[in-house]
Protein chains: 2
Amino acid sequence: MTLASWNGGAARTAILEFVDRVTQEGGSGYVPPSGRVAVIDNDGTLWCEKPAYVQALFVLGRLRDAAARRPELAEQPVVKALLAGDLATAHELGMEAIAGVLLELDAGRTTEEFTRDAKDWLATAEHPRFHVPFPQLTYAPMLELVDLLRARAFRVFIVTGGGVEFVRAVGEELYDVPPDDVVGSAVEVDFARRDGRVVLVRKAAMLGSPNEGPPKVVNIQAHIGRRPILAAGNSAGDREMLEYAHTGELPSLCLVVDHDDAEREYAYASTSVTDPDAEPILDTAGRLGWTVVSMRSDWKQVFAP
Amino acid sequence: MTLASWNGGAARTAILEFVDRVTQEGGSGYVPPSGRVAVIDNDGTLWCEKPAYVQALFVLGRLRDAAARRPELAEQPVVKALLAGDLATAHELGMEAIAGVLLELDAGRTTEEFTRDAKDWLATAEHPRFHVPFPQLTYAPMLELVDLLRARAFRVFIVTGGGVEFVRAVGEELYDVPPDDVVGSAVEVDFARRDGRVVLVRKAAMLGSPNEGPPKVVNIQAHIGRRPILAAGNSAGDREMLEYAHTGELPSLCLVVDHDDAEREYAYASTSVTDPDAEPILDTAGRLGWTVVSMRSDWKQVFAP
């Protein structure tokens, strides 16, 4: 059944009605396939982002190894917090501080080496509460939404605040999204020739701003080149991306995942890392009439089997 | 017939053998579909770039209008050269100077307005020698190559030194390449809200370097995230992109279009705009064993009907 992991309710109905509306030829809301662009946030929208971003946990493992070899590294505040398992403090220090540590660790490695590292780690590392590898913590209802969209000739892009190379390393396995359909935060790379081969070498610097808030819209244009008609997110960092879809000339659907299920997942208000004082996304959703997806009420099942 | 506009010869044979090799399951050179990435230059590789880049001619029309309104603009050297029809001088002044004028003309316009302008112009403007609209000056043999690659489950990307938004404006009509599969030179944009709508507003500044030479490789990674196995170009500005495909771990095919047909198109040595003293691409091709495509000998027909 379509959207089998969704309970009947306003969210499921809104999705089905929207998809029917934009794909019905001759209908007033018809959008040709070239305009059927969906952008979906990753952390907290497609898979679990608690107790910390999966990428932050990836950093943690690598940091532990590096700090054992280099004591001066272990003295940095964000390193101390991460190594002590104090993820609240690490998050308070901000995505950029976390990213900075990650970047420093991987500077000098090629993009191809980094991808292998990330894939190796993701194949074995386990979630601290659920004790399963992270690829088992994707949301079944959202994967069904992606399948439904593809069946109706949508192109589905992941637009993530996470590192683009990290999310690409799992995008194909988890979501069947190829690397070119992932838009994320990026690092600078240098063109180089090593042993006769052209390679790209990571630098210890972000390329532009983290992909959250207004930069999500800028990067959607840079990579996708079209305004989306469906956008899904879960935090204030997704607001502008949803607004971009919402204020186009075509029909649109904006979905906000509400993490209100402490029993099966986590209950928390999702905030923007780069703009912690932004309006809560549920308030924005209420004001603009976006569709809120309650994890507790709308989803029969949370995680994909 | 496959590659019907190609004469039998080394280039056609190399293409067919390569495509067979990488798609034959169980064969030693087999590449699964996820690795079948092709990157193809636009100007001079997919369509005619003489007597000037199509985008430069687009600028010319807009410049004429703007200069009539603003005399101080008409005093700039590149503007003078372009308005005098002195395209040689304009090219000598460089892609950046030409781009600078374009950028200034369009600063303040939204990306959506720019796309409409480009589409409108391309629908009506005519080539000065062939007296047909530019969309009729794509190369039939290259379109057949794109079709062949797609039939064999390749993803085909355009990687152009031209402005990404300009090439996107024609990519779907000319090559069936959607906007997200075009990688090109980019301008900075500002996130803005106008009349309640989220829009992106062009600034008078390039975003990073022009997409030629090593930046083509950097931008392939940024946008596509995979090393290509087929690369096609026609100038020294494509060298690094071809080298990137050539030095991967998978089988690869590198194609260089040689403009040696003054009668049906133009005869010229293609150089890099950003590095005019670079090794001629035909020398690089000879040295590295790349496949040279002679327009005169290899193509039965040049332009698509």
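The values are calculated or read from the model by the stated rules, or taken from the named source; none is laboratory data. Keep in mind that this is a model prediction, so the values were computed, not measured. Methodologically, a virtual Cβ is constructed for each residue, glycine included, from the backbone with ideal geometry; neighbour enumeration extends over all protein chains shown. With ligands, DNA and RNA removed, areas are computed over all heavy atoms of the protein, side chains included. Shrake-Rupley method; radii C 1.70, N 1.55, O 1.52, S 1.80 Å.
Brief remarks follow.
- Exposure rule at most 11 other beta-carbon atoms within 10 Å, DSSP loop GluC sites (Glu not before Pro): chain A longest free segment: A:76-248
- The A and B chains share an interface that buries close to 3000 Å² of accessible area, total over both sides, probe 1.4 Å.
- Kirkwood analysis of the Cα pair distances in the stretch B:98-245 returns a hydrodynamic radius of 16.7 Å.
- Long-range amide H partners of B:D258 with built H, under 5 Å: B:V293, B:S294, B:M295
- Counted charge near B:R70, where neighbours are those whose Cβ lies closer than 14 Å (Asp, Glu -1; Lys, Arg +1): 0
- Shielding by partners, peptide B:195-204 (average Cβ within 10 angstrom, other chains): 4
- Phi-based couplings in Hz for the stretch B:95-112 (Karplus 6.51, -1.76, 1.60; Gly and Pro marked x): 4, 5, 5, 4, 4, x, 5, 4, 4, 5, 4, 9, 4, x, 8, 7, 4, 5
- The stretch A:236-283 shape via C-alpha gyration tensor axes, a/c threshold 1.5: oblate
- Under 5 Å from the amide H of B:A267 lie the amide H atoms of B:D261, B:A262, each residue being 5 or more positions distant or on a separate chain, with H modelled from the backbone and absent for Pro and chain starts.
- The tail of the calculated P(r) for the stretch B:208-304 beyond 18 Å holds 48 percent of all Cα-Cα pairs.
- Antiparallel %, DSSP beta bridges [both residues in the protein assembly as shown], to 5: 40 percent
- The Cβ shell under 11 Å around B:L149 holds other residues with a net charge of +2, Lys and Arg each +1, Asp and Glu each -1.
- Percent RCO, i.e. relative contact order, over chain A, from Cα pairs under 8 Å lying at least 6 residues apart: 23 percent
- Global geometry of the stretch B:131-179, whether rounded, prolate or oblate, following the gyration tensor of its Cα atoms and the 1.5 cut on a/c: oblate
- 7 Å along Cα→Cβ, label-point gaps from A:P71 to other copies, nm, shortest first: 7.5
- Summarising the rotation from chain B to chain A, the nearest chain B beta-carbon to the axis and its distance in Å are given as B:H223, 3.
- Shielding by partners, peptide B:179-189 (average Cβ within 10 angstrom, other chains): 3
- For the residues of A:31-37, the average number of beta carbons from a partner chain within 10 Å of their own beta carbon is 1.
- Tail weight of P(r) past 31 Å, computed on alpha-carbon pairs of chain A, percent: 28 percent
- Accessible area of chain B belonging to carbon and sulfur atoms, whole % at 1.4 Å probe: 50 percent
- Solvent exposure, largest accessible area first (probe 1.4 Å, DNA, RNA and ligands not counted), of A:H223, B:H131: B:H131, A:H223
- A Förster distance of 51 Å, applied to the separation of the beta-carbon atoms of B:A267 and A:E279, puts the FRET efficiency at 0.25.
- Electrostatic bookkeeping for A:D181 treats Lys and Arg as +1 and Asp and Glu as -1; over the other residues with beta carbon under 11 Å from its beta carbon, the sum is -2.
- Each residue of the stretch B:210-224 is assigned a 3J(HN,Hα), and the resulting list reads x, 7, 8, x, x, x, 4, 5, 4, 6, 4, 5, 4, 9, 9 Hz, derived from the Karplus form 6.51 cos²θ - 1.76 cosθ + 1.60 (θ = phi - 60°), x at Gly and Pro.
- Among beta bridges that DSSP assigns inside the stretch A:125-248, antiparallel share in %, nearest 5: 75 percent
- Along the axis of the charge dipole computed for chain A (Cβ charges of +1 for Lys and Arg, -1 for Asp and Glu, origin at the Cα centre), the listed residues A:V59, A:F166, A:G94 are led at the positive end by A:F166.
- For A:P51, the distances from its label point to the matching points in the remaining copies are 7.2 nm, ordered from shortest, with each point set 7 Å beyond Cα toward Cβ.
- Placing one equal scatterer on every Cα of the stretch B:83-132 and applying the Debye formula, the log10 ratio I(q)/I(0) at q = 0.15, 0.21, 0.25, 0.31 Å⁻¹ is -0.58, -0.99, -1.07, -1.04.
- Think of the protein assembly as shown as a dipole: +1 on every Lys or Arg Cβ, -1 on every Asp or Glu Cβ, centred on the Cα centre; then among A:A151, B:S252, B:G208, A:A151 lies furthest on the positive end.
- Estimated 222 nm signal from helices in the protein assembly as shown, with DSSP H stretches of n ≥ 4 weighted -39500 (n - 2.57), rounded to 500: -12500 deg cm²/dmol
- Kirkwood Rh, angstrom, the protein assembly as shown [1 / mean 1/r, Cα pairs]: 25.7 Å
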